[in-house]
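Below: the structure, in structure tokens.
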Amino acid sequence: MFLASFWLRSCMREHEICTDFQIEGILPNRIIDISDPMKPLLREGGNRKEQYVTLSYMWGTGRKYFTLRENLDQHTDDGIPLKNLPKTFEEAIFVARFLGFRWIWIDALCICQDSPDEVVSEIGRMDQIFRTSTLTIFAAAGQSADAGLEAMRDPRWVKPCKLKIKTTLEDNTAEGAAYFTLHEKPTKKPLYERGWVLQEQLMATRGLMFENRQIRWRCLCGYLSESHPSGEEPPGSHDPEGLTIFRPIHERWMNDGFVNKFRRCIQRDDSKLHPDPTRRMDLFDLWFSMAAKYNMRALTYVTDALPAIAGLARAMAAVHGCTYLAGLWKEDIQRGLCWYVQEAKKPYVQKRDATSLPSWSWVSQRGLEVESFHRAVKPYSSTLKFVEHEGITIEENVVMPKSTEEVVGPALDVPRSLTVFGRLRKIDLGLHIPYNYLSPAFGNGLYAQWERPLEDMRTGEKLGSIAFDSDPSDFAPSHVYCLLCTVEKGYRYWSLTGLALVPTGESMEVFKRIGLARISKQDFFGDLDKSESEGPNQGREEQPLRRKLQII
């Protein structure tokens, strides 16, 4: 723990960027006073500006202990009995006190768990609670609150081994030393498989992570561990003595390089989108990198899919001035809609029922690996570019809910539908064409899970392909309606990407998404040179394929 204390002091003393990221805030509504760690007391935050620690852990199935209405006064007046606390809580209290903190926030103890209004209110502030804390302790290896923090350590795993080297070349002899550590086999970290924890990882300014074999540290300036106390190095390198603390992060090889990249993204106070379109695409692509990782994480309730990242959305919207639309962004809506279900690296378990979530957003595919079709496509590519066309128009300005409670409350007051104006065309699928599972790459060198070719039923002309959002053998549609989203032009080919939709009723006004289609026929949607300047209510005769529709 002395090493962890050194990391903390060094970061707080030397890292201006970490200090800037940590928004100055007040203590949460309730906080645990650990001045005497043997008698922790539950206190009101009282609008005081003081440093505190947060704990990220898994509730799991082991022993639990909560603050409830019946013991609230006891926790406030007499203290929280240590003998009743799960092991992780008890150890986190002593670690925080050892590091010099007076206050620690643990959700099970600082939120009255049988007060629905308080639970909703405090969960909605969770992102700010973690961002304004000075340090977050991550119980990464524990599968329950009673697992404890301490790793099963063997010093031989983490202590660098010094190997003396002596080299003689002709009459010259050189001596030196190299430092090696045992190769650590990746171990399971159950905490990082939870959906809610991703927001805690991204919003926490500093993290002290208790893993199976060692303790690690992460802040915006470095990624450290007991085996590499001066900074993680790329594979194959060694760490001689005397190097400066906190080396830069090597994002090209770190598995979680996107974590710090995203944290820096929401740390800048731009208040508006970057004028460079390529930089804007990078921003939204970074968001989708987060989405792809988050979608595979576990949630106890599928209705938590949007609330669990609401804080990240608020931070990004506030910093960059963009409009959030249930997992997507209005300023990137044409590209953002073009996601698909990727080929499974292992068999998919049965997808959770997500009918309460909008079909047009990737959040509706809980438990499936989603990929953005356009994430690797940039307009400055020498072989591929976006073609200017009128695309789709969001007629109704759906904005992000103003209050936190609207995002996380039982009603989940989030955009459920998009009312758009765009080019729509019916595609007959035909029953004689077999479904082509794991067909050639759907996009960006990746495979779609459920893909099949498209062809003109009258002429036999190949039109492209469609990647379904679920197993098409379960519903086998005879036709779909394709809504044009993006148009790309490559060397001697065109690629038109659009949503595959089916009507929800006979009115042909309300649709739901069932997949993503790629069309290679340039004029499939008519003349793409028509200008947007005509507006959604003009030029109907010149644009017979354009129409207004609602997607749920």
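What follows is calculated from the coordinates using simple rules that are stated; it is not laboratory data. Quick caveat: nothing in here was measured; it's all calculated off a predicted structure. Please note: Cβ atoms are built from the backbone with ideal geometry, for glycine as well, and neighbour counts cover all protein chains shown.
Where does the charge balance sit around Phe210 when Lys and Arg score +1, Asp and Glu -1, over other residues with C-beta under 9 Å from its C-beta? Net charge around Phe210: -2. For segment 1-120, a Kirkwood radius taken over Cα pairs fed into Stokes-Einstein (20 °C, viscosity 1.002 mPa s) yields D = 139 µm²/s. Taking the average, over residues, of other Cβ atoms within 10 Å as the packing measure, peptides 123-129, 77-83, 217-223, 294-300 rank 217-223, 123-129, 294-300, 77-83 from highest down. For segment 284-332, the alpha carbon convex hull comes to 66 Å³ per residue, rounded to a whole number.
With the charge dipole of segment 72-215 set up from +1 on Lys and Arg Cβ and -1 on Asp and Glu Cβ about the Cα centre, the Cα lying farthest toward the positive end among the listed residues Pro160, Val95, Cys110 is that of Pro160.
Count charges around Gly311 for me, please; just the other residues with Cβ under 11 Å from its Cβ, Lys/Arg as +1, Asp/Glu as -1. Computed value for this residue: +1.
Note on Thr303, Thr67: ascending count of other Cβ atoms within 10 Å places them as Thr303, Thr67, the fewest first. Other residues whose C-beta falls under 13 angstrom from the C-beta of Thr459 contribute a net charge of -1, scoring Lys and Arg +1 and Asp and Glu -1. For a Förster distance of 51 Å, can you work out the FRET efficiency between the beta-carbons of Met457 and Ser35, rounded to the nearest 0.05? Once the sixth-power term is evaluated, E becomes 0.10.
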